[in-house]
1. Being in a loop (DSSP other than H, G, I, E, B), modelled with pLDDT of 90 or more and of a type outside the set (S, T, N, Q) is the filter here, so list the residues in segment B:219-231 that pass it.
2. Scan segment A:1-31 for residues that are assigned to a helix (DSSP H, G or I) and farther than 23 Å from A:ASN305 by Cα and report the count.
3. Which of the residues that make up segment B:63-106 are of a type in the set (Val, Ile, Thr) and either touching a Cys at 6+ places or on another chain (Cβ under 9 Å) or surrounded by 24 or more Cβ atoms within 10 Å (Cβ to Cβ) (or both)?
4. Does segment B:60-84 hold any residues that are without any contact (Cβ under 8 Å) to a residue 40 or more places away in the chain and in contact with a Gly (Cβ under 7 Å, 6 or more places away or on another chain), and which are they?
5. If you go through segment B:99-134 one residue at a time, how many are in contact with a strand residue (DSSP E or B) (Cβ under 8 Å, 6 or more places away or on another chain) and either assigned to a strand (DSSP E or B) or within 14 Å of chain A (Cβ to nearest Cβ) (or both)?
6. What number goes with the only condition from (1) modelled with pLDDT under 90; (2) within 16 Å of the chain's Cα centre (by Cα); (3) over 27 Å from B:VAL194 (Cα atoms) that A:GLY117 does not pass?
7. Using the structure shown, decide if B:MET304 is under 15 Å from the mean Cα position of the chain (by Cα) and farther than 21 Å from B:TYR24 by Cα.
8. Within the bounds of segment A:136-151, is there any residue that is farther than 30 Å from A:SER463 by Cβ and either away from chain B (no Cβ under 14 Å) or touching a residue at least 12 places away in the same chain (Cβ under 8 Å) (or both)?
Amino acid sequence: MEFIYYFGDVFSPLSFLLLLGGTIGGLILGATPGLSPTMAVALLIPFTFHLEAVQGLILLGAAYTSTVAGGAVSAILLKIPGAPANIATTLDGHKMAKQGQGAKALQLSFLASAAGGIFGVLLLIFLTPLLAEWALAFGPSHLFWLAILGVTVIGSLDSASVVKGLLSGCIGLWLATIGFDDIMGAQRFIFHPSLGGGINIIAALIGLFAIPQVLTMFAKGRRTEGAEVIEVQKHSVLDATRELLRRPRALGIGTITGSVIGLIPGVGGQIAGLVAYDQTKKFSSEKEKFGKGHSEGVIAAEAANNAMVGPSLVPLLTLSIPGSPTAAVLLGGLLIHGIFPGSDLFDNHPDVAWTFINSMLVGQVLMCLFGLYVAGLAARVAQVPQSVMAAIVLALSVFGAYSVQSSMGDVYVMACLGIGMYFLERFGFSAAPLVLGLILGPIAEANFIQGGMIADATVGKASYFLSGGLNIFLIAVVVASVAYSAWMELRTRRYTTKEEAQA
Amino acid sequence: MKKLIAGAAIALMGLAGAAVAEEYPDRPIMMMVSYGAGGATDFQARIVTMTAGNEDALGMPIAIINKPGAGGRVGWNWFATQADADGYTLAAYNVPHFIAQSIKGGVSYSADSFEPIANWGADPAVFVVGADSPFNSMADVVAHATENPGKLTFSGAGLFVGHHIAALQIEKAAGVKMAYIPTKGGGAAAMKAVIAGEVMGGINNLSDAFRAQEAGNVKILGVADLQRSDFLPDVPTMQEQGLDVDNSSVNFRGVMVPKDTPQEVIDKLAATVPEMFANPRVAKKMQAGGSPMHIMTRDEVKAMWAAREQTLKELLAGL
C-alpha cells in the first residue's frame with residue numbers, strides 16, 4: 001500500500017501541470033500518423049534534462065499512456081494505425097466511423113483504454129515481483145511457439161476465407177524477410193537501397209491501411225452523388241459508458257489478454273491488440289458482426305493495448321531490462337538522473353518509483369477525460385467531403401511514413417505496399433493478417449535460430465523445443481486454435497452448400 | 001519573376017560558398033545515430049551534444065536523427081552514400097562495429113568513407129554470469145569450457161559487434177570452443193538471456209552489466225580492456241586472469257563526418273567538439289547514467305581506427 005503514501009506528490013502544482021501537459025501532448029502526438037509512442041517519448045526526453053527525476057518521469061509516463069490511446073484517433077477516423085498496437089482498432093473502429101458512429105467509437109475506445117489501462121497499472125503496483133518471474137519464464141523456444149500461435153490467428157482474422165487469410169499472412173511473412181537478417185547479417189531481397197533495413201513496420205502499416213482507402217476515394221472521382229458526406233451522430237458519454245458495461249466479455253478478454261501478453265519482453269505490445277481482438281471474436285455470440293463496425297472489436301482492441309502499458313514496464317522496473325522499445329527510452333529517462341531501475345529504484349528512490357506509477361494511474365483518468373472531449377471535436381473530421389479527405393489522408397500518410405526515420409525510402413515502401421494492397425483487397429485479401437505476418441515473422445525466425453543454437457550446444461533441438469510445461473501448453477493452444485478455425489470453416493462451408501443445394 | 005528567383009538562388013549559393021569557412025555553423029546541425037531511440041548510443045549521443053548550442057561550443061544545436069536497422073548497417077550505409085558532406089550532417093560511430101562490418105563485406109562503407117572528429121566514450125565488454133552461477137572467475141569458465149568443448153552457451157548482442165569480437169578473443173586466448181549465441185534486440189536481450197538462465201554466461205556492455213550487478217541479477221567476471229574500470233574497481237581484466245585479450249572489443253563511440261567534407265569545417269569541428277564533450281555538465285550526466293567517458297581528439301581517433309582495422313582483419317580472417 002506504499003503507493004498511496006506518494007499520491008500527494010502527483011498533485012503538487014508543477015507535477016500536475018506536467019501530467020496535464022504530457023497527457024494532452026501525448027494525445028496529439030499519438031493521433032499524428034507515424035509518431036509511435038516510442039518516438040513520442042523519445043522526443044520528450046530532452047525536456048526532462050532540466051527537470052527533477054520525479055517530474056521528468058511523470059511527463060514521460062503520462063505521454064506513454066496517452067500516446068497509446070491517442071493512436072486510436074487516427075486509426076478510427078482516418079484508418080491510419082499510429083502504431084502496431086492500434087491495428088485491431090482500425091478493423092471495426094473505422095467501419096463505425098464510416099457509418100457515422102465515429103463519436104461513439106472514439107468514446108468507447110477511450111473508455112475501454114482507461115479501464116484496461118487502470119487494470120494494467122494496478123497489476124504493476126500489486127503483482128510486480130510475481131510478474132517479473134513470469135516475464136523471465138519466456139525463453140527462445142516459448143517465444144517461438146507464441147509467434148506460431150499468433151500465426152494461427154492469421155487465418156481467422158478479418159478475412160473472407162481462411163485460405164485467403166493464410167495467403168496474405170504468408171505475403172507478410174515473406175515481406176518480413178527483406179533486409180539484413182538481424183542475427184547472421186545475411187542480405188535478403190535487398191533490390192533497392194531503401195530496403196536495407198527491412199520494411200519499417202510503421203511505414204508498412206500506413207501504406208497497407210490508409211493508401212488503399214485513399215485510392216478507393218480517388219477512384220470514385222468527382223461524381224457528387226458518390227461523395228457521401230457522413231453524418232456524424234451525436235453520442236452521449238453516458239450511452240457509451242452503458243454500451244461498455246453491456247460488453248463485459250470484450251472488455252474482460254481485452255484487458256486480460258493485453259496484460260498477459262504485454263508482459264512478455266520483445267513481443268507483447270505489438271500483438272496484444274490483435275490477439276485480444278481475435279479471442280474476443282471467437283468467444284463472442286455475434287461473430288458475424290466483427291469487421292463490420294462492431295463495438296466489441298473496438299473495446300477489446302483498445303482495452304488490450306492500454307492494459308499492456310503497465311505490465312510492459314515490469315521487466316524494466318524490476319530487472320532493469322527494457323522489454324519494449326518504449327521501455328528502453330524510459331530507461332534513458334531514468335539513467336539521465338542517475339537512477340538505476342531494479343532494487344535501487346524501489347529501495348533508494350521510492351518517491352520516484354511510486355510517483356511515476358501513480359502518475360500513470362492518474363494519467364489514465366485524465367487521458368480518458370480529454371479523450372472524450374476530443375471525441376466530440378474529432379468526429380467532425382468525418383464531415384469533410386471525400387475528395388478533400390483523400391488528399392488529407394494522403395498528405396498525412398506521406399508525412400507519417402517520412403517522419404519515422406526521416407527517410408524517403410520509407411515513403412516509397414509505403415506507396416508500393418499501399419498500391420499492392422489496393423489490388424489485393426479487390427480480391428478479398430485483407431491487410432490485418434498481412435501485417436500480423438510482418439510482425440511475427442522476425443520474432444519466430446530469430447527465436448528459432450537462437451533457440452536452435454542453444455539447443456545444438458546443449459540438449460538438442462527436439463527436446464529443447466518440445467519438452468517442458470510451458471512449451472507443451474503453448475503447443476496445445478496452437479493445436480486447439482488451428483482445430484477451432486478448421487472446424488468453424490468446415491461448419492460454415494456445410495451450411496453454405498446446404499443453402500446452395502436448397503436454392 | 002523567374003529571373004528574380006534564379007537571381008536569388010544564385011546569390012544564396014554564392015553566400016553559402018563563402019560562408020562555409022568563417023560562418024560555419026550558421027544553422028542547426030543534424031547528427032545521425034544508426035541505432036534506435038533509447039539505445040546506449042542514442043542516449044549518450046543526446047547527452048554529449050546537449051551543450052552544442054552554447055556560445056563556447058558550436059553556437060548551434062545538434063539534432064539527433066535515428067536510422068536504425070541491421071546492427072547499424074542501414075544508418076552507416078546511408079551516411080556513406082547519401083549524406084551531404086557540408087558539415088551539417090554528422091554521424092555517431094561505433095568501433096569496432098562498423099569496421100568489422102566493412103571487413104565482413106556487404107556494406108557500402110569502410111573506415112576510409114568517413115573522417116573522424118572526436119571520440120566521447122569507451123564502453124568495454126565484460127563477461128557476466130547469473131547471480132546464482134557456479135562460475136566465480138574466468139578460470140572457472142575456461143575450465144568448464146575445456147571439459148565440455150562447444151557446450152558452454154554465452155550470449156551477446158549479435159555478430160560482428162564488440163561483443164562478438166570479445167567472444168572470439170576469449171575463445172582464441174583460452175584455446176577453447178564455446179557456443180556464442182547472438183541475440184536479436186541488442187544488449188538488453190542478451191542480458192535477459194543471462195538473467196533468465198537461458199544461457200550459462202554472456203558478453204555485455206560494462207554500463208548495462210554494472211546496472212544489472214547493482215540490481216543483484218548478475219556477477220561480472222572479467223573486463224575485456226587494458227585496465228580496470230572506474231565503475232568496477234574490484235573486477236579484474238581478462239589479462240590479469242591470464243587471458244590475452246586486449247581492448248579491441250571496447251565499444252568506442254564518437255562523431256564523424258562523410259569523407260568529402262571541407263577541410264576547414266573538419267578543422268573547426270575537430271577543435272570544438274572535444275571541448276564540448278569535456279563540459280562538466282556533460283560529464284555529470286554521463287557519470288550518473290553509468291556511461292564511461294573517454295575523450296579522444298581527431299588524431300587519436302585516426303590512430304585508433306587504423307589499429308583496430310589491423311587487429312580485426314587478423315581476427316576475422318578465419319571466419
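The values are calculated or read from the model by the stated rules, or taken from the named source; none is laboratory data. Not measured: the values here are computed from a predicted model. Because the Cβ atoms are built from the backbone with ideal geometry, glycine has one as well, and the counts that use them run over all protein chains shown.
1. If the condition is that a residue be in a loop (DSSP other than H, G, I, E, B), modelled with pLDDT of 90 or more and of a type outside the set (S, T, N, Q), then B:ALA224, B:ASP225, B:LEU226, B:ARG228 are the ones that fit.
2. Kept after step one, since they are assigned to a helix (DSSP H, G or I), are these residues of segment A:1-31: A:2-5, A:7-10, A:13-31.
Cutting the leftovers down to farther than 23 Å from A:ASN305 by Cα gives us A:2-5, A:7-10, A:13-18.
The number of residues fulfilling the criteria is 14.
3. Narrowing segment B:63-106 to residues of a type in the set (Val, Ile, Thr): B:64-65, B:74, B:81, B:89, B:95, B:99, B:103.
Within segment B:63-106, B:VAL74, B:VAL95, B:ILE99 qualify.
4. Passing the criteria: B:MET60, B:PRO61, B:ASN66, B:LYS67, B:PRO68, B:GLY69, B:ALA70, B:ARG73, B:ASN77.
5. Step one: filter segment B:99-134 for residues in contact with a strand residue (DSSP E or B) (Cβ under 8 Å, 6 or more places away or on another chain), giving B:106, B:113-131, B:133.
Add one more test, that the residue is either assigned to a strand (DSSP E or B) or within 14 Å of chain A (Cβ to nearest Cβ) (or both), and what stays is B:106, B:114-123, B:125-131.
Total satisfying the criteria: 18.
6. It is condition (1) that A:GLY117 fails.
7. Values: under 15 Å from the mean Cα position of the chain (by Cα): yes; farther than 21 Å from B:TYR24 by Cα: yes.
Spelling it out, B:MET304 is indeed under 15 Å from the mean Cα position of the chain (by Cα) and farther than 21 Å from B:TYR24 by Cα.
8. Narrowing segment A:136-151 to residues farther than 30 Å from A:SER463 by Cβ: none.
There is no residue in segment A:136-151 that is farther than 30 Å from A:SER463 by Cβ and either away from chain B (no Cβ under 14 Å) or touching a residue at least 12 places away in the same chain (Cβ under 8 Å) (or both).
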